[in-house]
Amino acid sequence: MEDIFRFVDELGPIKVVYISLPQMGLRAVVAIDNTACGQAIGGVRMAPDVTAEEACRLARAMTLKNAAAGLPHGGGKAVIFGDPKMPPQQKETLIRAFAGAIAGLTEYIPGPDMGTDELAMGWVYDEIHRAVGLPRELGGIPLDEIGATGFGLAAAVEVACNAINLDLKGARLAVQGFGAVGKHAARFLSQKGCILIACSDSRGTLSSAKGLDVSSLISLKNTGGSVIDFPGGEKADTEAIVDIPCDIWIPAARPDVLNKTNVGRLKARIVAQGANIPCTPEAEAILESRGILVLPDFVVNAGGVICAAIEYHGGSESTAFGAIDDKIRKNTTMMIEESRRAGISTRAAATALATSRVQNAERARRWR
Ligand code: NAD
């Protein structure tokens, strides 16, 4: 067994549970990082190769994200070891067995993550009546369909533009990864007057200095096409999105896409992190040293988890949009102000803000 205590600190993880039910073919780990603010919310990932240590790091990221968003929830993460592309019947059996195994772990609320979806959360709910990211028929708010995370990103970008005196109307936008997060961020920002001048997906980059039609691009993506199938515009390889000069650059694809080998090529004023950990720490430091305003992932891509929390507490889609807008605007404002006041990075300011919320909750509960 890995030495879990090696990476325990004063916040957590408070509980790491290994599940092994060989007769069901189930092996899983659940990391509950911290529950001072409330039951831990975090995704159930299905993957063949995640370590318990990684599950704990992902659970910590959820503690910070939920605390930064001011949600009454702590952070957790679960990993079911397996191939997410296994036959559907086998997947359902495995996920139902997992749900049964965590029935007594009431401080953890499972949600969808890589390799699981709302259908899977429906199975979990059916077994234990505790899950978020549910199908609409079970009271869920389909967060990817409504664009919860992209909506929150757009709110954060608006605050950031005000902070650097950049007019959102006419601002040039480039989006890396035109999936659930990226396409909705482009949609909401174009409604605020931004011009989408470039976007990319795993097949390539599309750009046009005059601007691209966002709704046609979304229809193309929704019917299985790639941005490079779009009629018009210039086409290039996937990595070319880094070279497009713009005002706002949104990574919404994969981790570590900006690193020390390519960060010097980026020409933007704001980097709004839709994806989780899209910049290596070195790349992020370089961006900050060049005066580019970095909006860190766990503050500005929290729209999805805010939506999930609203769903859990019985709220509606419109309540979710209101909460996302309110929380992300406030937190982005506080983070930028604190970073300027203390002369620290936006990530350091946001981490301090989130950590102090968790510590205050611990004090209020007399855990400290
Ligand atoms: P998605 O699968 O819907 O979309 C990802 C898009 O990125 C696809 O269009 C894919 O073609 C493209 N892509 C993959 N590799 C690429 C590359 N190298 N360059 C350019 N494009 C590439 O996924 P999503 O739900 O939009 O999530 C995107 C990222 O945001 C992930 O890191 C995810 O963990 C994170 N995130 C998602 C949410 C959410 O609400 N969905 C919330 C917070 C964070």
DSSP-defined antiparallel bridges as percent of all bridges, the chain, nearest 5: 45
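Considering only DSSP beta bridges with both partners in region 118-234, what is the antiparallel share in %, to the nearest 5?
Details: 5 of 10 bridges.
Looking only at bridges with both residues in region 118-234, the antiparallel portion is about 50 percent.
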Gaussian network model of the chain, springs between alpha carbon atoms under 10 Å - residue of ASN34, ASN331, ASN162 with greatest fluctuation: ASN162
P(r) of region 1-111 over all Cα-Cα pairs, binned every 5 Å from zero, in whole percent: 2, 13, 24, 23, 18, 12, 6, 2, 0
Cα-Cα pairs of region 234-332 separated by more than 17 Å (percent): 56
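May I have the convex hull volume per residue, in Å³, for the Cα set of region 287-333? Don't skip to the answer; put the middle values down first.
On the way: hull volume 3.0 nm³, N = 47.
Residue-normalised Cα hull volume stands at 63 Å³.
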Integer Hz, Karplus 6.51/-1.76/1.60 couplings in order for region 85-91, x for Gly and Pro: 9, 5, x, x, 5, 5, 5
Volume per residue that the Cα convex hull of region 101-147 spans, once the total is divided by residue count, Å³: 80
Within the chain, helix-based [θ] at 222 nm, where runs of 4 or more DSSP H residues each add -39,500 (n - 2.57), nearest 500: -13000 deg cm²/dmol
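Tell me which chymotrypsin sites (Phe, Trp or Tyr not before Pro) from region 114-185 have a DSSP coil assignment and no more than 14 other beta carbons within 10 Å of their own. Walk me through the intermediate numbers first.
Details: sites: TRP123, TYR125, PHE151, PHE178; in loops: PHE178.
The qualifying sites: there are none.
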Whole-Hz ³J(HN,Hα) from phi, Karplus 6.51 cos²θ - 1.76 cosθ + 1.60, for region 331-340, glycine and proline x: 5, 5, 4, 4, 4, 5, 4, 5, 5, 6
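For each pair in LYS169/LYS235; LYS85/LYS183; LYS91/LYS327; LYS235/LYS327, compute the distance between the two Cα atoms and list the pairs where it is over 27 Å. List each step's numbers first, then the result.
Working: LYS169/LYS235 25 Å; LYS85/LYS183 25 Å; LYS91/LYS327 36 Å; LYS235/LYS327 37 Å.
Those over the limit are LYS91/LYS327; LYS235/LYS327.
Identify the trypsin sites (Lys or Arg not before Pro) of region 62-135 meeting these criteria: DSSP loop state and at most 11 other C-beta atoms within 10 Å of the C-beta.
On the way: sites: LYS65, LYS77, LYS85, LYS91, ARG96, ARG130; in loops: LYS85, ARG130.
Loop-located and lightly packed - LYS85.
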D (Stokes-Einstein, µm²/s), Kirkwood Cα radius, region 172-273, 0.890 mPa s at 25 °C: 186
Rounded accessible area per residue of region 1-119, 1.4 Å, Å²: 43
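With every protein chain kept in place and ligands, DNA and RNA left out, what is the accessible area per residue of region 200-274? Probe 1.4 Å, answer in Å². It would help to have the intermediate numbers written out before the result.
Details: 3470 Å² over 75 residues.
Ligands and nucleic acids excluded, the figure is 46 Å² per residue.
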Protein-only accessible surface order, largest first, of LEU189, LEU64 at 1.4 Å: LEU64, LEU189
Calculated FRET value between ARG6 and ALA352, using beta carbons and R₀ = 25 Å, to 0.05: 0.55
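Suppose we keep just the DSSP beta bridges with both residues in region 1-141; what percent of those would be antiparallel, to 5?
Numbers: 13 of 24 bridges.
Here the antiparallel bridges make up roughly 55 percent for region 1-141.
Restricting to Cα pairs below 8 Å that are 6+ residues apart, what does the relative contact order work out to for the chain? Please round to a whole percent. Could the numbers behind the result be given before it?
Working: 776 pairs, mean separation 55.7, N = 368.
About 15 percent, as a whole number.
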Principal axis dimensions, largest first and in whole angstrom, of region 122-173 by Cα: 51, 17, 14
At 1.306 mPa s and 10 °C, Stokes diffusion of the chain via Kirkwood alpha-carbon radius, µm² per second: 76
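Rounded to the nearest whole Å³, what is the per residue volume of the convex hull around the Cα atoms of region 65-203? Could you put the intermediate results ahead of the total?
On the way: hull volume 18.9 nm³, N = 139.
Each residue corresponds to 136 Å³ of Cα convex hull volume.
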Rg over Rh [alpha-carbon atoms, Kirkwood Rh] for region 1-66: 0.97
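If you roll a 1.4 Å probe over the chain with all protein chains in place, what percent of the accessible area is carbon or sulfur? Before the final figure, lay out the partial values.
Details: 8290 of 15590 Å².
Roughly 53 percent, rounded to a whole number.
Compute and list, largest first, the equivalent-ellipsoid semi-axes of region 55-134 from the alpha carbon gyration tensor, each √(5λ) rounded to a whole angstrom. Show your work: numbers first, answer last.
Working: eigenvalues 102, 39, 24 Å².
Output for region 55-134: semi-axes of 23, 14, 11 Å.
The values are calculated or read from the model by the stated rules, or taken from the named source; none is laboratory data. None of these values were measured; they are calculated from a predicted model. A quick note on method: Cβ atoms are made from the backbone with ideal geometry, for glycine too, and the neighbour counts reach across all protein chains shown. Keep in mind that these areas ignore ligands, DNA and RNA; they rest on the heavy atoms of the full protein, side chains included. Shrake-Rupley method; radii C 1.70, N 1.55, O 1.52, S 1.80 Å.
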